[in-house]
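The structure appears right after this line, and notes come after that.
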Amino acid sequence: MAHVPGGQTKIGIESERWKRLRSNRETGPRPLFGQDAHPPFVADVDPFFLDVHPVTVAQFRDFVEATGYTTQAEQFGNGGVLRNGEWRLIDGATWRRPRGPSQPAAPDDHPVTQVSWNDAQDYCEWAGKRLPTEVEWEHAARAGQDQRRMCPWDGSCRSQSARVQHANTWQGSYPTQNTAADGYKYTSPVGAFGSTRLGLQDMSGNVWEWTASWKRPYEERGTDFQPSSQSKRVMRGGSFICSECGGYFVFARSASTPQTSLFHGGFRCAKDPSS
């Protein structure tokens, strides 16, 4: 795990900056993930530890073999897969073969996918850890500092050439043609694109990562909340199918219901210094 120093961080993106980003046609199609990441707010974050990389297939297998665990995708009999430009529930898609039983098995050193929030929570508890909050996740992606870069790495974030170098994202015409210029059409081995200043890997691209937080407007922070069956948990970081949607931005927010399993969704664990 990597140590993430505590401190104050502005979470989200300024509304005017978001408007400029959305209207700048010179940078290509306008991003979608981030439209609910403003107005920003300042958060005080305590020091914590965060897994260097997303939980891998091999690590998850250790959990399954030690506990006899059955994931929700296995219980339901299917998982979400983007196939031929359309999202489908594919029978037999599980963490072992996330694109379906007729497709290759997931490599051991790739992030585990087709795991629901509930599955991720159970794994973290077994490992003596927990899921990070979305504030902790963004604080870590910003290197534990109140800096305003849009991506975890230094330099350009919007250019496709920069993402080819720093993150596993989509290249080509989404959602039908992926040139895989970065070397990977689907998931990549953890750490294949280097580390951040804190030593963290895959904080942008590869797989969306579950957090402990419920998806709520930032204006409602600190107010009472009673989740319903339709409530969603926040996911962060973008994935290998992120194109110009902007999911790779450090402030970008996605979300799914806790029982949802997807072929581009994984997680990493956090831990308090005292635990």
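Filtering the range 185-228 to residues that are over 29 Å from V57 (Cα atoms) and in contact (Cβ under 8 Å) with a residue 24 or more places away in the chain leaves P217, Y218, E219, R221.
Among the helices (runs of 4 or more DSSP H) confined to the range 61-150, the ones with at least 1 residues that are open to solvent by less than 10 Å² (accessible area, probe 1.4 Å) and under 19 Å from A2 (Cα atoms) are located at 117-126, 134-141. When S275 is tested against the conditions (1) in contact with a helix residue (DSSP H, G or I) (Cβ under 9 Å, 6 or more places away or on another chain); (2) open to solvent by 20 Å² or more (accessible area, probe 1.4 Å), the lone failure is (1). Quick one: is R233 in contact with a helix residue (DSSP H, G or I) (Cβ under 9 Å, 6 or more places away or on another chain), within 9 Å of W210 (Cα to Cα) and not β-branched (V, I, T)? So R233 fits the description; yes.
Table: residues versus (1) of a type in the set (D, E, K, R); (2) farther than 30 Å from G222 by Cβ.
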residue: E136; (1), (2): yes, no
residue: D154; (1), (2): yes, yes
residue: A162; (1), (2): no, yes
residue: N168; (1), (2): no, yes
residue: Q171; (1), (2): no, yes
residue: Y174; (1), (2): no, yes
residue: Q177; (1), (2): no, yes
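The set of residues from the range 19-51 being touching a Pro at 6+ places or on another chain (Cβ under 9 Å) and modelled with pLDDT under 95 comprises L21, R22, D36. Right, R268: open to solvent by 20 Å² or more (accessible area, probe 1.4 Å) and modelled with pLDDT of 95 or more or not? The answer is no for R268.
Yes or no, residue by residue, for (1) of a type in the set (V, I, T); (2) in contact with a Gly (Cβ under 9 Å, 6 or more places away or on another chain); (3) at positive phi:
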position	(1), (2), (3)
M150	no, yes, no
W153	no, yes, no
R158	no, yes, no
A167	no, yes, no
Q171	no, no, no
A181	no, yes, no
G194	no, no, yes
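The residue pairs whose first member lies in the range 65-79 and is farther than 16 Å from V112 by Cα and in contact (Cβ under 8 Å) with a residue 24 or more places away in the chain, whose second member is in a helix (DSSP H, G or I) and hydrophobic (A, V, I, L, M, F, W, C), and whose beta carbons are closer than 7 Å, counting only pairs six or more residues apart or on different chains, are T67/W126.
Residue under question is R97, and the condition is that it be modelled with pLDDT under 95 and charged (D, E, K, R); does it hold? Answer is no for this residue. Within the range 41-60, the set of residues being touching a strand residue (DSSP E or B) at 6+ places or on another chain (Cβ under 8 Å) and open to solvent by 50 Å² or more (accessible area, probe 1.4 Å) comprises V42, D44, P47, F49.
The values are calculated or read from the model by the stated rules, or taken from the named source; none is laboratory data. This one's a predicted model, so the numbers in the text were calculated from it and none came from an experiment. Methodologically, a virtual Cβ is constructed for each residue, glycine included, from the backbone with ideal geometry; neighbour enumeration extends over all protein chains shown. Protein only, heavy atoms only, side chains kept; ligands, DNA and RNA dropped before computing areas. Shrake-Rupley method; radii C 1.70, N 1.55, O 1.52, S 1.80 Å.
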